[in-house]
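This report concerns only the one structure given below.
The values are calculated or read from the model by the stated rules, or taken from the named source; none is laboratory data. Just so it is clear, the structure is predicted and the values come from calculations on it, not from any experiment. Don't worry about glycine lacking a Cβ; one is built from the backbone with ideal geometry, like all the others, and counts go over all protein chains shown.
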Amino acid sequence: MAIILCIETATTNCSVALSENGSVIAFREDSSKNYSHAEQLHVFIEEVLNEANIAKDTIAAVAVSKGPGSYTGLRIGVSAAKGLCYALGIPLIAVPTLAVLAQTVDTAAVVVPMLDARRMEVYSAVFKDGGQIRDTKAEILTETSFKGYLEQEEIYFIGNGAEKFKNICPHGNARFRTDVFPSAKEMVKIAQEKLGRNDVEDVAYFEPYYLKDFKVG
């Protein structure tokens, strides 16, 4: 029995899932527009454990969304995950946030998850058939962004950053899902696979993948 606690806090969505052998057995999520992580995260963790009647000391690993995303959200999620791993002596699994977001759309088409990075900038990557085919980047969107992909096939642009591109991209192959967020329930499959490969982090030294330096204002 492999019980994994999954934590997703990279956006305004505060999300916690408990999985057993790759299946979700308890789930909590608050996708309001305001950040509620500091108030809700530990409450959600206790609630999923209680709902599934799982004791903390039976958790096999903790998986956390590693970024890119909100600086504050990532710090809260990673701090909670590291604290649990230290206390319980269990592995930490880091899951790329854009890979989590890409899992929310069930399609054979190319998927471009996008997270808002202020102004006309987004964090994005490109996925196809469950695999990442272009590196994660912080990029400023223009009318010609992703033109090479769009000329070849249908593309799904998803996430809160996709709204920016929807406003400037008239291409017929572009499809948009701007109402989806990275969710802990979409981390489960990736986390289970990583645990099976023993693809885990050094708890002492792991830091979120911010991608950009923090700026105030």
Check your understanding: What is the one condition in (1) assigned to a loop (DSSP other than H, G, I, E, B); (2) more than 24 Å from Lys147 (Cβ to Cβ) that Glu193 does not satisfy?
Key -> (1)
Review point. When you go through Ser65, Ser31, Ser70 one by one, which is the residue that is in contact (Cβ under 8 Å) with a residue 40 or more places away in the chain, surrounded by fewer than 18 Cβ atoms within 10 Å (Cβ to Cβ) and not basic (Lys, Arg)?
Key: Ser31
**Study point:** Residue tally, condition over 15 Å from Lys166 (Cα atoms), modelled with pLDDT under 95 and not aliphatic (A, V, I, L, M), over the stretch 111-127
**Key:** 1
Point to revise | Test: residue in the stretch 104-115 that is free of Cβ contacts under 8 Å to residues at least 24 places away in the same chain and of a type outside the set (Val, Ile, Thr) | key: yes
Exercise for review: Please report, ordered by residue number, the helices (runs of 4 or more DSSP H) entirely within the stretch 29-113 with at least 3 residues that are within 18 Å of Leu18 (Cβ to Cβ).
Suggested key: 37-52, 71-88
Review point. Of all residues in the stretch 154-182 being among the small types (Gly, Ala, Ser) and in a loop (DSSP other than H, G, I, E, B), which is nearest to Ala102 (Cα to Cα)?
Key: Gly159
Check your understanding: Has the stretch 130-153 got at least one residue that is assigned to a loop (DSSP other than H, G, I, E, B), aliphatic (A, V, I, L, M) and in contact with a Phe, Trp or Tyr (Cβ under 8 Å, 6 or more places away or on another chain)?
Key -> yes
Practice item. Check the stretch 186-200 and report whether any residue there is surrounded by fewer than 20 Cβ atoms within 10 Å (Cβ to Cβ), free of Cβ contacts under 8 Å to residues at least 60 places away in the same chain and among the aliphatic types (A, V, I, L, M). Key: no
